[in-house]
Every structure is written in C-alpha cells, then in structure tokens.
1. Here are some conditions: (1) open to solvent by less than 60 Å² (accessible area, probe 1.4 Å); (2) at positive phi; (3) not charged (D, E, K, R). Ser220 meets all but one. Which one does it not meet?
2. Please count how many residues of region 77-93 are part of a helix (DSSP H, G or I) and over 25 Å from Val29 (Cβ atoms).
3. Take the residues of region 136-146 that are of a type outside the set (S, T, N, Q) and more than 19 Å from Ile88 (Cβ to Cβ): which is nearest to the chain's Cα centre (by Cα)?
4. Are any residues in region 91-122 over 17 Å from the mean Cα position of the chain (by Cα), under 15 Å from Ile37 (Cβ atoms) and open to solvent by less than 50 Å² (accessible area, probe 1.4 Å), and if so, which ones?
5. I'd like the full set of residues that are assigned to a helix (DSSP H, G or I) and closer than 19 Å to Ile84 by Cα, limited to region 169-200.
6. Of the residues in region 123-143, how many are free of Cβ contacts under 8 Å to residues at least 12 places away in the same chain, surrounded by 19 or more Cβ atoms within 10 Å (Cβ to Cβ) and farther than 23 Å from Phe208 by Cα?
7. Scan region 149-167 and report the pairs whose first residue is farther than 13 Å from Leu139 by Cα and whose second residue is exposed (fewer than 12 other Cβ atoms within 10 Å of the Cβ) and of a type outside the set (Lys, Arg), with Cβ atoms within less than 9 Å and a gap of 6+ or a chain change.
8. Is there a residue being at pLDDT below 95, part of a loop (DSSP other than H, G, I, E, B) and among the polar types (S, T, N, Q) anywhere in region 94-113?
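The values are calculated or read from the model by the stated rules, or taken from the named source; none is laboratory data. Fair warning: this is a prediction, and the values are worked out from it, not measured in the lab. Here Cβ is always computed from backbone atoms with ideal geometry, including for glycine, and neighbour counts include all displayed protein chains. Note: areas computed on protein heavy atoms with side chains; ligands, DNA, RNA excluded. Shrake-Rupley method; radii C 1.70, N 1.55, O 1.52, S 1.80 Å.
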Amino acid sequence: MVSYKQETVAPAKPFVNRDASQTRLIVGVSVPDSPLITSVIEYAQTLSEPYLFNHAMRSWLFAEAIGRIKGIDYDREVVAIGTILHDIGLTAGVSGPNRFEVNGADAALSFIKGKGLSDRRAQLIWDLVALNSTPSLALHKEPEVAVGTMGIGLDYGGFGVEALPPADVERILSAFPRLRMKQQFAETCCRLVKAKPELSHDNFLRDFGERFVPGYKAVSTVDLLMNAPFDE
C-alpha cells in the first residue's frame, strides 16, 4: 500500500487565503467561492454517479480542512477545481486513449479553457487530477497538488484522518454520505479493467483487476524489459 504521509509537504506557513477573494461555509468548512468553482461542481455532478460526486466533494472539504490545520500556503481555487474533478476520468462521459487519470486531466483542462486561468494554474490542475492516485509522486509536487491529494487520500483510505477533529469528519460524512463507496468504486474500476485492460497495468486499476476480475493478467514491466528488441 502506498503511503499518503502528509509530512512530505513543504514547510507550513501562516494560512493564506490566496486566490480566494470570496469564501463560504460548507458544513463548517471555509471554502473558496467563485462562479468557476460553482460551474465545476455542476459539471462534476452532471458527469458523476452520486457516490463519486460525494467522494469528490468530501475530498475537497477534507483538503481544505487539512490545509487550514497545517497552515499550508496554496492556491485554493486550483485545489477546489482539481479535487472536485479528480475522478471524472472514471465516468462514462469522459473517455480517451490514455489511463483514466490522464483522460480526466485532459477533460478538466478542456472544461476550464478560456475561463481566465493562467497556464501555470491550469497545469497545476492537470497535475492534481493526473497524479492524485500516485501519491508517491503527488505528495512531492507543488502544495496545490499535495494538499488536494491529501484530501483525496483521506477520503479514499482514511489516510491522515487523525489530524482532523472527529466532529468535523462526521459533519462532512453526514452532508455527503459515502453511499456504499467501497463497493461502487470497486465495481467502477472493474468495469474499466474489463473494457481496457491494456490501460490498467501501471495504475491502481491493476489491483482491482487482480483481486476481482477473473482471468485478468497485467502486463509485466519485467517482460517488457526482457522482450525488448535489442541485442545484448
């Protein structure tokens, strides 16, 4: 199991409400508020099954709570957009030739195109969506990518939940219930494995294929090396 250890993020600073001139409270969590974030929430809700949408919203709220407690300086709008859209690559409405995280990142980039974000901020959103399921990389990236990944990892596997007050966690879970996420998420991943097994060997879909899909056999990176068409 890959660790979501939160200590990998850069030194904590006094909490900065950067790029969030307006805020609002969602179940007691202060979050940035902008027309773009509102449209992103609507887009995610349109694409996603209810359990997956609730996962995205909980992940965002957990990311904000972690960022506040740790006093990390990050672009809150970037984290909002990337975290809310982080799993759209798992939905039926987003497809493409690449692993689901990359398809989702490309779709997120298409959605925000022309909405006034700089290339740098757009790149951070792409990175958060594409890398969130690879925390061994994402937690060493920019604070925006790391904090979003922390929130996602907390909701996925409970990583770092001890950092938050239990009452805060319970409020978020009550507002956006899990709706049998363990079972439904596994079923979603298995559908992707069955549909495109060739895109599952180098991400966590492999784990679901090996556990739940009869006859599944992932590509071995050892075989790729040993079968390379070069004389030794």
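1. (2)
2. Let us first name the residues in region 77-93 that are part of a helix (DSSP H, G or I), namely 77-84, 88-90.
From the residues that got through so far, the ones that are over 25 Å from Val29 (Cβ atoms) too are 89.
Here the count works out to 1.
3. Residues of region 136-146 of a type outside the set (S, T, N, Q): 137-146.
Applying the additional criterion that residues be more than 19 Å from Ile88 (Cβ to Cβ) yields 137, 139-143, 146.
Details: Leu137: 13, Leu139: 12, His140: 15, Lys141: 14, Glu142: 14, Pro143: 14, Ala146: 10 Å.
It comes out as Ala146.
4. Answer for region 91-122, where residues must be over 17 Å from the mean Cα position of the chain (by Cα), under 15 Å from Ile37 (Cβ atoms) and open to solvent by less than 50 Å² (accessible area, probe 1.4 Å): just Leu117.
5. First, the residues of region 169-200 that are assigned to a helix (DSSP H, G or I): 169-175, 181-195, 197-199.
Val169, Arg171, Ile172, Leu173, Ser174, Ala175, Met181, Lys182, Gln184, Phe185, Thr188, Cys189 - these are the residues of region 169-200 that are assigned to a helix (DSSP H, G or I) and closer than 19 Å to Ile84 by Cα.
6. As a first pass, look at region 123-143 and keep what is free of Cβ contacts under 8 Å to residues at least 12 places away in the same chain: 123, 137-138.
Retained after the next criterion (residues that are surrounded by 19 or more Cβ atoms within 10 Å (Cβ to Cβ)): 138.
After this cut, where a residue has to be farther than 23 Å from Phe208 by Cα as well, the list is none.
Summing the residues that are free of Cβ contacts under 8 Å to residues at least 12 places away in the same chain, surrounded by 19 or more Cβ atoms within 10 Å (Cβ to Cβ) and farther than 23 Å from Phe208 by Cα in region 123-143 gives 0.
7. Filtered contacts from region 149-167: Gly157/Met1.
8. The answer is yes, given that some residue of region 94-113 is at pLDDT below 95, part of a loop (DSSP other than H, G, I, E, B) and among the polar types (S, T, N, Q).
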